[in-house]
1. Per q in 0.24 Å⁻¹, report the Debye log10 I(q)/I(0) for segment 317-364, using one uniform scatterer on each alpha carbon and no solvent.
2. Looking at the square roots a ≥ b ≥ c of the eigenvalues of the Cα gyration tensor of segment 349-404, which shape do they give, rounded for a/c under 1.5, prolate if a/b is larger than b/c, or oblate?
3. Please name whichever of 311, 373, 342 sits farthest to the positive end of the charge dipole of segment 260-397, dipole taken about the Cα centre and charges placed at Cβ: Lys and Arg +1, Asp and Glu -1.
4. Using only Cα atoms, find the angle between the long axis of helix 2-20 and the longest principal axis of the chain, and express it within 0 to 90 degrees, rounded to the nearest 10.
5. Among 51-63, 91-103, 260-272, what's the highest-first ranking by average C-beta atoms within 10 angstrom per residue?
6. Given axes a ≥ b ≥ c from the Cα gyration tensor, I'd like to know whether segment 530-607 is rounded (a/c under 1.5), prolate (a/b larger than b/c) or oblate.
7. Need one number: convex hull volume per residue for segment 392-654, Cα atoms only, in Å³.
8. What does the net charge come to around residue 105 if you take all other residues with beta carbon closer than 14 Å to its beta carbon, with K and R at +1 and D and E at -1?
Amino acid sequence: MRILLLFILITNASILFAQGDVFTSYDIFKMKHIGEVAISPDGKQIAYTIATGRDFSEKSGPSRKELFVLDVASGETKSHYKKDKSFHHLSWTPDSKSLTFLAKWFKEKKTQIYTFDLSTDSATQITHSKTSIEDYDWNPNNSSIAYISTIRDTSRNKWIKKGFNAEIYEEEVPEKNLYLYDFATKSTTRLTKGIAAYTCQWNPAGDLIAAKISEKNLIDYQYMFSKIQIINPKTKEVTILVNNPGKLGGLAWAPDGKRIAFISGVDVNDPVSGSLYVAKVPNKKDFTQLTNYSQDFEGSVTHVEWRDAKTLIFSADESVDVTLNMRSIDNDKNIPLVEGGTLVFRGFHLNNGTVSISGNTNTNPGDLYTMSLKDKKLVKRTDINPWVAKKQLGKQEKLSYTSRDGMKIEGVLIYPVGYKAGTTYPLINYIHGGPESCVKNGWSTAYSMWGQVAAGKGYFVYMPNYRGSSGRGVAFSKADQGDMGDEEFNDVLDGIDHLINKGMVDKSRVGIGGGSYGGYFSGWAATKHTNRFAAAVSFVGISDQVSKRFTTDIPYESYFSHWTFWTHEQFELVFDRSPVKYAKGSKTATLILHGKEDPRVHPSQSLELYRALKLHGKAPVRLVWYPGEGHGNRKNPARLDYNLRTFEWFDYYLKSEKVKSEKPSKDLDYGVEIE
């Protein structure tokens, strides 16, 4: 009996220890993150920031940043700044002696450019712009700075002060101009007018500027109609370089200034700016596509830099992996530098043969890595979250299966912690937004991605890259065009059936959630496919495709990249792909959450879904507004609320034995101390 009692005590203690050692919602807010990374022009030093979220007992605000500089040769890292002052857009002066950034220091009310002396850890304000600076690039000759700033029409200010504050929609958008600050004269000159400039980059000679420019300063124009234009600072002449075929991504000058590499969609209907091109400077508006999706490369290019005047380095999403590649502009051979499955990252930095990467894995939230192009060895330089290694994490892997129409679908699957083969578990499907995006097989846990927190609670988490996602080439990303929510959602259902048929998932305990387009899928699951889902969480999601297309700030993007026809041309089809049409009889418990200031998916979309389900559904529904938040939550209190509230909803309807016609309490125990 004593032996049995001892065994029971040891077993219970082990269970308690295991439960306490899994990843929790609160661990999300303990994580540190590599923020900005900037490599010096000589390639010898790498500046980077580590961001740490504020404690919940403090006043809500941006994460705190600590500034570090790594000596690449010695591996020595030194902390240079750790205070409350915020800064961003980290870069270096051309001589590699000082850092530069944007900030509002020294009681400035507008964002200015500053230098930061590493020998004294002190900052010097460079510009005194009347309006906030949004982007800048230091002339390689160290003679001037090109920067972008906005100007608002202030002619009505005297009336506004008297209460005549009527707003004229889309007619009072501020101009976004390119300026030149000259060091010798300490004067500022405006280089553009009547167009919207978003990014600027000097050529190596320092006499021309390449800029991403559109006709109007509207987000839809930035997305769909941006072109690369060349500005001559002396003459102020603005000339279009190429009529790029689709959405415009990043660009980079060749070291000899004779070419520009850029990332673009293949045509105006391409949802993804993921193809790599090179254009000569100057040229006759012609360009060469370097990544050929119809042959040996099925992926989406995310960033590009030049190694030399003939060689490019580029990163790419390839299914659930990320690769770093090198290739000559004169042949089609890609040389892998970082193989898929090694590291997940969005972009990289390159100077003088040194590459720096902020990357993560499925067991590591992220660290700084470097590579010399001479030996091509990837070296981990930081360990900013060592405590994560002590956590019990669910196994994570790439999942592939064939959809009902024969298309290969891939995604990422996370197992419950302590998974036992032959046992069925509840499943939460996480659906990414876009749909021109993709989930990678890296760290998959954040405030709005349940990942390892769900695994610690005993859930499978499946994150499918359904057709329409990026990372699989142009044809795949276009495969859902003209009929949103139909075959692409079948890809999700087929993935669920794949797991059910393997005896891993309990088909009566399936949930779904996500934000934006993931929110749309969640509403679609709760209505059109309600028999398949016990619980749904829709975050900033679409519920009525008709009204959404008339209230979003990106109607052209919706038209060209996704539907390819206007609503009035096929009204019935657009409405047929709307969750509100199928709200009657819904049996799925649905939690709806939305930022009240969302310009992308108007908050009325969530109100429509709530009202339709409240009037015509047969299951509990709840609507939560987040004041001051937009298309996703920025502040930590709203992020914690979202994470805790969604898990409470899933736990209640997928795991508990309570009466499912009821709802969990609207009041959360946040579990944090506040003053």
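Each reported figure results from applying straightforward, stated rules to the coordinates on display, with no laboratory input. Please read these numbers as outputs of a predicted model, since none were measured by experiment. Here the Cβ positions follow ideal geometry from the backbone for every residue, glycine too, while neighbour counts run over all protein chains shown.
1. Debye output, listed in q order: -0.98.
2. oblate
3. It is 373.
4. Taking Cα atoms only, the helix is inclined about 40 degrees.
5. On the way: 51-63: 13.9, 91-103: 18.8, 260-272: 22.8.
Highest to lowest by the protection proxy: 260-272, 91-103, 51-63.
6. On the way: a/c = 2.48, a/b = 1.37, b/c = 1.82.
Note, shape of segment 530-607 comes out oblate.
7. 114
8. +3
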